[in-house]
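Report on the structure given below.
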Amino acid sequence: MENASDAIVMAGAVLIFAIALSVAMTVFTQARATVDTVIYESDRTSYYEYLDMDISNNIKNRIVGLETVIPTLYKYYKENYTVVFLNRNGNGLELYETKTNQANWSKDDSGNVKQFVVDKYPGVNGKQICSFDVNEEVIRREPWVGDPIETRKNLEAFIEGKEYVWPNGSGFKYDYKNIFNGQSFMKYFANKKFRETIGEYRTSNKDTFASELNQGIRDNKNKRVIVYQLID
């Protein structure tokens with residue numbers, strides 16, 4: 001009888017441990033994205049050094065439509081791609097205007113806003129966004145940053161021409177209904193073609209002290225950038 005009681009106690013302890021472990025794993029998973037964001041912002045070695053992305057010399061270059069563009073967009077935050085849109089003249093194609101406060105954007109040690117991929121292309125200012133990139137969104141402190149579910153909701157709203165409302169009661173809202181001549185992204189570009197070009201840019205350590213502490217952590221790490229230039 002005593003052995004049976006001990007067995008029940010042990011089984012109960014194992015069950016409680018299993019439940020506690022499950023809860024801990026869930027909390028850890030939810031917190032991981034936020035932690036990654038904090039680490040990125042606090043890391044002084046985070047700096048973009050851009051590589052040449054000359055379309056004429058790029059190995060991968062093809063003509064595509066939305067059937068290719070949209071699946072690529074859905075990968076940008078999972079695969080950490082940069083997806084840039086250009087107009088026919090090679091200037092940045094404005095997709096939307098950020099609602100975040102530029103005064104709160106992340107800055108480097110000199111007090112300048114950290115570089116964007118879109119700086120490589122003329123025709124857009126700081127608040128006119130022509131690309132999708134998780135790191136750039138962290139710099140701008142977009143409301144969906146650190147939450148994959150909210151990031152996807154924002155992307156879906158952009159593609160389908162809906163509103164994205166930040167669910168914390170702040171009233172923060174992006175209205176994507178009429179951003180392209182009164183149409184959504186999907187409708188406006190439904191029958192248009194893009195030249196798809198794939199290149200890379202490199203992250204590197206520009207701060208000497210940070211380089212000494214973190215040698216090799218971010219140095220010479222290439223990140224894929226996919227450029228879609230409108231051709232018709």
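Every number here is computed from the coordinates shown, using simple stated rules; none is lab data. Keep in mind it's a predicted model, so treat the numbers as computed, not measured. In this analysis, Cβ positions are derived from the backbone assuming ideal geometry, glycine residues included, and neighbour counts consider all displayed protein chains.
Within the stretch 174-197, is there a residue that is surrounded by fewer than 20 Cβ atoms within 10 Å (Cβ to Cβ), aromatic (Phe, Trp, Tyr) and within 19 Å of the chain's Cα centre (by Cα)?
No, because not a single residue in the stretch 174-197 is surrounded by fewer than 20 Cβ atoms within 10 Å (Cβ to Cβ), aromatic (Phe, Trp, Tyr) and within 19 Å of the chain's Cα centre (by Cα).
Considering only the stretch 136-182, how many residues are in a loop (DSSP other than H, G, I, E, B) and touching a Ser or Thr at 6+ places or on another chain (Cβ under 7 Å)?
8
Six or more apart or on different chains, Cβ under 7 Å: which pairs go from a residue in the stretch 155-170 that's under 16 Å from Ile129 (Cα atoms) to one that's among the β-branched types (Val, Ile, Thr)? Could you list them?
Listed pairs, sorted by first residue: Ile159/Ile70.
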